[in-house]
1. In Å, what Kirkwood hydrodynamic radius results for region A:21-93 from the alpha-carbon pair distances?
2. Net charge within 14 Å of A:L252 by Cβ-Cβ distance, Lys/Arg positive one each and Asp/Glu negative one each, not counting A:L252 itself?
3. On a full-extension model of 0.36 nm per residue, what is the gain between B:D71 and B:E4, subtracting their alpha-carbon distance, rounded to one decimal in nm?
4. To make sure I understand, if each residue's beta carbon is the centre and we count other beta carbons within 10 Å, what order do B:T360, A:T314, A:T566 fall in, fewest to most?
5. What does the structure give for A:490-502 when I average, per residue, the other chain Cβ atoms found within 10 Å of the residue Cβ?
6. Quick check: residue separation of A:A274 and A:L398 times 0.36 nm, minus the Cα distance between them. What number comes out in nm?
7. Per residue of region B:296-301, what does 6.51 cos²θ - 1.76 cosθ + 1.60 with θ = phi - 60° give for ³J(HN,Hα)? Whole Hz please, x for Gly and Pro, Karplus curve as stated.
8. Output ³J(HN,Hα) for region A:164-171: one whole-Hz value per residue in order, computed from phi by the Karplus curve 6.51 cos²θ - 1.76 cosθ + 1.60 with θ = phi - 60°, and x for Gly and Pro.
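Please treat every number below as a calculation from the coordinates, not as lab data. Since we're looking at a predicted model, the values are computed, not measured. All Cβ positions, even for glycine, are placed from backbone atoms using ideal geometry, and neighbour counts span all protein chains on display.
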Amino acid sequence: MTGTENPRFKLGLRDTLRVLWPYVKRNFLNQVQGIWFIVTYLVVFQLIVLQLPIAYALMIGVGIIVVALGLMFFMEGLRLGLMPLGEQIGSELPKNSSLPVILVFAFLLGVGATFAEPAIAVLKSAGAGVKASDAPLLYSLLNDFSSQLVASVGIGVGIAVALGVLRFFYAWPLKYLAIPVVLSLLGFSFYFSGIPELSDVLGLAWDCGAVTTGPVTVPLVLALGIGVCRVVSADGADSGNSGFGIVTLASLFPILAVMSLAFYHYQQQDYVGAPNYIGSQALSHEISDEQADAEPSRRFVDIQPSEFEQYLATGELPDGYTLAFDEGNPSLVEGRIVLTTPKVIIEKTQDREFSLFGDQQWDSRLEFTDGLKTAGMDALRAIVPLCIFLYFVLRMFLKRRLSEDSDVSTGITFALVGMTLFGLGIAIGLTPLGAQLGSNVPLAFAEIVPFGLEFSEGPLFDSHTGKLTAIGFAFFLGYGATLAEPALNALGDTVERITVGAFRKKLLMQSVALGVGLGIAAGILKMAYNLPLIGMLIPPYLLVVALTIIAPHSFVNFSWDSAGVTTGPITVPLVLAMGLGVGANIPGVSDGFGILALASVGPILTVLMVGLYSQRQPQNDVEEQSLISLSTHEAKES
Amino acid sequence: MSTESTNFSLVTAVLPKSTTQVTCESLARELGAAAMISEARGTLLHDQWWKSWVPPISPAKSYLQLLAPDDRVEQVEEVIIKAARLDQQSTGAVFSSPCTDAVIGDDFDVLSSLAAEGVPVDQRRDQEELSAIFCILTHSDAERVSKAAIRAGAHGPVVHYCEGKGLRDRLGWLRITKEHDKEVLVVIAEKEFADDIFDTMSHVARLDLPGRGFMYRLPISKGMYNLPSRTSQHHHEASLQQIIHAIDHLSGHNNWRDQSVYQLPGQGRAVGIGNINKNDYMHQRTCLNLFVERESTQKFSDALLDAGASGLNVHYARQYDPQAQPGSKFANMSLEFAVIRCVVEPSLGDVLADSVRSLTSTQNLGNYGLFQIFTPTVATYVPNKIDYRAA
């Protein structure tokens, strides 16, 4: 048997397309299934509830199709390229290297992944409204010490991945790792909340945990864990279900890291305004800058002289006017209030025709090629260095090659193409849509100038109803955006594959999405009524800890991991746009932090509850089964 | 290089996942045997519509495979039943299928016939007259076919994943279009029900159409099963098996069973004789099984495909063997194996076996087990069955 080749079929173009078409269609429809809800929901809310036109409709439409295409390529890229690569390395490492080497590798992978998908941009945009005078330490962390912030998050993730891998070797159940960490985090948070400077940082710290795990990191880390667990079958309560749990730790440890960093700077007193501050930011300048942007809101249009003349001539008022009385001397005359010599002011209100689409179809500031270039660079930075690192480890360290038939390179190309398209689609499609909605939602309870319009419109509802509308909107926004999240999709696929379909992807996705929805609604509630974050965080986390203690180990793994993956490239811009929009209309709210942290408690709760609910069901079938075996015995005897 | 024997059986067991570790330990301790472990799930249906809001989380199972000499099969089954407590309700199953021919590589860890003299066997537990049905389907079909099987009287099928190999692997870069995981439904049934279940499943899965799936039966020499089908609050509802027995008893014969209720594609049902002509089944085939190290999967599957196998299904398993590396770096390293399976004509089976043997001797591979099991019935789409151009 020398040199035999598999007989390869050569297909013509026509047959190639026939093979390819069902595949493309299946994958594209899968992605459409994920994103249709959020898109439809946003459009319907804007048009029907807020009754506002959609600006840049054409651009958004194109963008959403590009998002679906990008997701299609990216998910296939994960399946064919990144995950097999990670899994192969995970399964080879324990065979060929010693434990310290593996831990160093895991640490480097964690750090690398953080730098590849920098969360700092997200955090900066969440803290865009932070004023140095209100929250000096927070401001300093985001500006003066931003590189230290990224570094500490990176180190946190690195330690987490290393610890997560170590966990597989010794079969430590995730419960016993996660619960102490969470409790100590809560303890620190409680302590921080007593000190004004430190309490500002809490939101940032908890959000760091949520945003560190992106669509490239999560699948890679999952695959690595699964690979390790294929070979290392640790006995113990957790056995077999492992492979999960790294993501959990990777979203808890950065919180600790950021808190430590904040505490260090608090001790050193070297943030803005503190005695040892050496940065360049001048405090007073900052304040004057912030005060300047109080924008004039114009509710009325000028009545033109021609209209006035027409009024004088015919006595006909222009369309859409309001009448206001001013001054005058009120007196009670024969049971009636009579105003003598009042001033009557007639003003013309802005009259807007309802239309589906705004005037502008394309945002002129957004160049398509520029968007493509940025998205491409982001994708390259997120994927290529990590893959080179992994390939280097595989080739040099483990002395393995990728097999000839391997689709890893195809997969990585797919992932690159997918991530580029995805980034582009988000930039021109989802973000503009989410941004205009996010800034329009406060219309429900405040008077604002809607996006893309020139005149302010009044609150649609009274204050409380309006805020409740916004909170309800936030719930569905979180729900829909989560269903489209690529990292969660990858997690769902992995869970389904590892449990051989016992835990369905759909069930996981739905319960996670429900949880995120609840979390984000809670976050908007916090902003709308300016509640303290600590009061919103501690009760649900205590509940989570309690449920974790009684839940079976496998559900603990899934549910904590799903908390880490919820906040990704789709959710974050949509939620932040809304959070900032709401925050800007509530006095005393300066930043959008905290929503993402709440959005990651929600899914832990819901998945654990679903797990507990369905866990108690299979016990009911025992009796019926005993009847069956009885009957078969009878059958044999007779 | 290898030993050949006709006196081997493949012992397969389905266990609750929580007992896997215990079972493997006691297999190793009492018999010195190491089993191939892969992940599987059971199937459960809800019987109330309002429960369908939350789809059932199917019980996690382990799927154990183990080659044992014929005269040790009973001991192996006994150890498994005891350790995994399969005598308890809704736990799992264990069964053995006799191999017609087995080739064991020198390095392959197989149970020796000297082991386990001392293990007593409780004869009452095992049921004779069983048959195992294996049905390979895509994800989208698996649930529907499982439901149909349950309606036809089977227990909830045990499902494990496999990777199909064959056609699309030969398409060059287009192989990316392959759906990676297929589901293998395993149903154990008493022989008298097995035909009905087999017919229903092949009908509902539309196995007479191309690209739908592949189904075959393996004989069981000894085994027992204890698997549930649905979650139920109705403790005293009669099962389908009980009803069938009752009708048999009342009518005095079981000819009425030919008039079965069939689930048609879509929502309809029909009573009557199934429209799959039973002559369309293929008979007298052989099921070729190959245990190899995971790294060499590609080599072996290429060799089998080159030698003429039309398709393979591959699933991966780990071998738990606590005695293998007592001084290794980590507590429990497991070996990874691939289980390659294909069902072919007996003559081709021998050709394939030869190709594997020549590959192992040229490449000096010793850690493999190759065996064939007689397969009475196969249902799948057979190309050229109907020549449309001629018609």
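1. 14.6 Å
2. Around A:L252, the charge tally is 0.
3. So the chain would gain 22.5 nm between B:D71 and B:E4.
4. If I rank by nearby Cβ atoms, fewest first, I get A:T314, B:T360, A:T566.
5. Averaged over the peptide's residues, the number is 5.
6. 39.5 nm
7. Computed from phi, the couplings for region B:296-301 are 9, 3, 4, 4, 5, 5 Hz.
8. x, 6, 4, 4, 5, 5, 9, 6
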